[in-house]
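Taking it in order: structure first as structure tokens, then the write-up.
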Amino acid sequence: MHLKRASTAKIKELIKYFSKIDFNLLVPIHCTGRTAAVKFKEAFGSRVRLGSVGDKFEF
């Protein structure tokens with residue numbers, strides 16, 4: 001998601017956007033940036049999995 005340099009306002013805007021979407025899983029990876037990834041996890045709990053290299057997901 002390339003949010004490493006995103007402002008707090010931008011991250012909050014994205015959280016608001018994602019709140020309107022009925023998603024099952026959001027997996028922020030390294031390019032998202034730690035701050036945004038943690039904020040997503042705080043906002044959406046178990047629907048967010050912090051991803052890293054080698055993780056596998058079955059759909």
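The values are calculated or read from the model by the stated rules, or taken from the named source; none is laboratory data. Not measured: the values here are computed from a predicted model. We place every Cβ from the backbone using ideal geometry, glycine too, and count neighbours over all the protein chains shown. For accessibility, only protein heavy atoms count, side chains too; no ligands or nucleic acids. Shrake-Rupley method; radii C 1.70, N 1.55, O 1.52, S 1.80 Å.
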- request: Give the residue that is least open to solvent (accessible area, probe 1.4 Å), with candidates limited to residues of the range 1-38 that are of a type in the set (D, E, K, R) and in a helix (DSSP H, G or I).
  value: 10
message: Cβ-Cβ under 7 Å, sequence separation 6+ or interchain: first residue in the range 26-53 and among the charged types (D, E, K, R), partner part of a helix (DSSP H, G or I). Which pairs?
response: 39/11; 39/15
task: Please specify each residue of the range 43-59 satisfying the condition of being open to solvent by 100 Å² or more (accessible area, probe 1.4 Å) and of a type in the set (Val, Ile, Thr).
output: 53
task: Pick out the one residue from 29, 11 that is at pLDDT 95 or above and in contact with a helix residue (DSSP H, G or I) (Cβ under 9 Å, 6 or more places away or on another chain).
output: 11
